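Colleague: Right, I'll just put the structure down here and ask away after.
The values are calculated or read from the model by the stated rules, or taken from the named source; none is laboratory data. Just so you know, these numbers come straight off a predicted model, no measurement behind them. For neighbour counting, all protein chains shown are included, and Cβ atoms are generated from backbone atoms with ideal geometry for every residue, glycine included. Heads up: the accessible areas ignore ligands, DNA and RNA and are worked out on the full protein's heavy atoms, side chains in. Shrake-Rupley method; radii C 1.70, N 1.55, O 1.52, S 1.80 Å.
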Amino acid sequence: MPTARFAALAGGAVPTGVISLAEPRTHALADVLAPSRSPIVLLDRPTHHGNVGAVVRAAAAADAAAVLTTGPHNPWHRSSLRGSAGLHYALPVMRIDDLPHMTDRPLVALDPDGAPLKPGSVPGDAILLFGSERRGLDERWRRRAERTFCLPMRPGVSSLNLATSVAAVLYRWRIDRD
């Protein structure tokens, strides 16, 4: 492949000299929201593609039903795919504008003002709402949430990385499920 074409497709330096071209999978939101024993992760306006990829990787490992994002960033961006180690193909991953106001799944927000996450806190059919790295969860999601939890942390530690937070909540759910 000509060097210029490779560079254009790669979007930057590639130390290995190897790239892969992938077509995003498409899913109908109604199918993704169908009842399931596994939670859905919704990232509200994430700003870092690498974090989105790391969330997809953690969600796939924990057997989540899907990863949804809101906001302008494409969850299938090459940096997200790289961060997920290709696990975008293990579960539905898609950007949405909003959720239907009526869904059979409970909305569970993760927010610093929530009750501490404890065993049994995460319903298996939940849509888990996580805010962006900088701004946190938008007020519209907080108002819609049926429950709000926080990850208990040592005083003086203000937050965790988005992917770390998602992984902690999903593994709390997995421990309870298993």
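Colleague: Give me the net charge for the shell around G131: Cβ to Cβ below 14 angstrom, other residues only, Lys and Arg +1, Asp and Glu -1.
Modeller: So the environment of G131 carries a net charge of +1.
Colleague: Trypsin sites (Lys or Arg not before Pro) within segment 88-178: which are DSSP loop residues with at most 15 other Cβ atoms inside 10 Å?
Modeller: Passing sites in segment 88-178 are R134, R135.
Colleague: Among A30, G136, A7, pick out the residue whose Cα is farthest towards the positive end of the charge dipole of the chain, where Lys and Arg carry +1 and Asp and Glu carry -1 on C-beta, about the Cα centre.
Modeller: Of the listed residues, the answer is A7.
Colleague: Provide the percentage of antiparallel DSSP beta bridges, counting only those with both residues in the chain; round to the nearest 5.
Modeller: So the antiparallel bridges amount to about 5 percent of the total.
Colleague: Probe of 1.4 angstrom, ligands and nucleic acids ignored: what's the accessible area per residue over segment 40-99, in square angstrom?
Modeller: 35
Colleague: Relative contact order of the chain: what whole-number percent is it, with Cα pairs under 8 angstrom and at least 6 residues apart?
Modeller: Answer for the chain is 25 percent.
Colleague: Beyond 27 Å, how much of the Cα-Cα pair distribution for the chain remains, as a whole percent?
Modeller: On the way: 4131 of 15753 pairs.
That fraction is 26 percent.
Colleague: Given a 1.4 Å probe and every protein chain left where it sits, what share in percent of the accessible area of segment 64-167 is carbon and sulfur?
Modeller: Carbon and sulfur atoms account for 51 percent of the accessible area of segment 64-167.
Colleague: Next question, about the same structure. Whole Å is fine, so just give me how far the alpha carbon centre of segment 145-175 lies from that of segment 73-118.
Modeller: Here the answer is 14 Å between Cα centres.
Colleague: Let me ask something additional. Which whole-number percent gives the relative contact order of segment 97-175, counting Cα pairs below 8 Å spaced six or more residues apart?
Modeller: Numbers: 97 pairs, mean separation 30.4, N = 79.
Dividing the mean separation by the residue count of segment 97-175 yields 39 percent.
Colleague: Nearest 500 deg cm²/dmol is fine: what mean residue ellipticity at 222 nm does the chain get from its DSSP H runs of n ≥ 4 alone, each adding -39,500 (n - 2.57), divided by its residue count?
Modeller: Rounded to the nearest 500, it is -9000 deg cm²/dmol.
Colleague: Mind telling me which of N161, N74, N51 comes out most flexible in a GNM of the chain, alpha-carbon contacts under 10 Å?
Modeller: Answer for the Gaussian network model of the chain: N161.
Colleague: Still on this structure, I have one more. Measure nothing but the geometry: give the 0 to 90° angle between the long axis through the Cα atoms of 49-62 and the longest principal axis through the Cα atoms of the chain, rounded to 10°.
Modeller: Taking Cα atoms only, the helix is inclined about 60 degrees.
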